[in-house]
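The values are calculated or read from the model by the stated rules, or taken from the named source; none is laboratory data. Source: prediction; values computed, not measured. When we count neighbours, we look across all protein chains shown, and the Cβ atoms used for this are built from the backbone with ideal geometry, even at glycine. Only protein heavy atoms, including side chains, enter the accessible area calculation; ligands, DNA and RNA are left aside. Shrake-Rupley method; radii C 1.70, N 1.55, O 1.52, S 1.80 Å.
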Amino acid sequence: MCQHQPPCPQAESADRESARLVAHHPEQGWSLLCNGVLQFEDTGELLPDGRVIAPHRPLGAEHVMTAA
């Protein structure tokens, strides 16, 4: 699928989000990566085989609790 050198990571790879953008539609909240992954603005993903990756935004500092 990918014609880039070096090739983009495959959709099954842990670093799949580093693939190059093929299409970007911020007004609709999604982008298509070179490896076929649909990436949504909430950080969720739809893989080419139909699997769903739940949103995985890191928690901001205001949501992190520390022990006393």
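GLY60 is checked against (1) modelled with pLDDT under 95; (2) open to solvent by 70 Å² or more (accessible area, probe 1.4 Å) and fails just one. What number does that condition carry?
Condition not satisfied by GLY60: (2).
Would you point out the residue of region 11-44, among those that are polar (S, T, N, Q) and buried (at least 16 other Cβ atoms within 10 Å of the Cβ), that is farthest from PRO55 (Cα to Cα)?
ASN35
Cβ-Cβ under 8 Å, sequence separation 6+ or interchain: first residue in region 24-39 and of a type in the set (D, E, K, R), partner crowded, with 18+ Cβ neighbours inside 10 Å. Which pairs?
So the pair list comes out empty.
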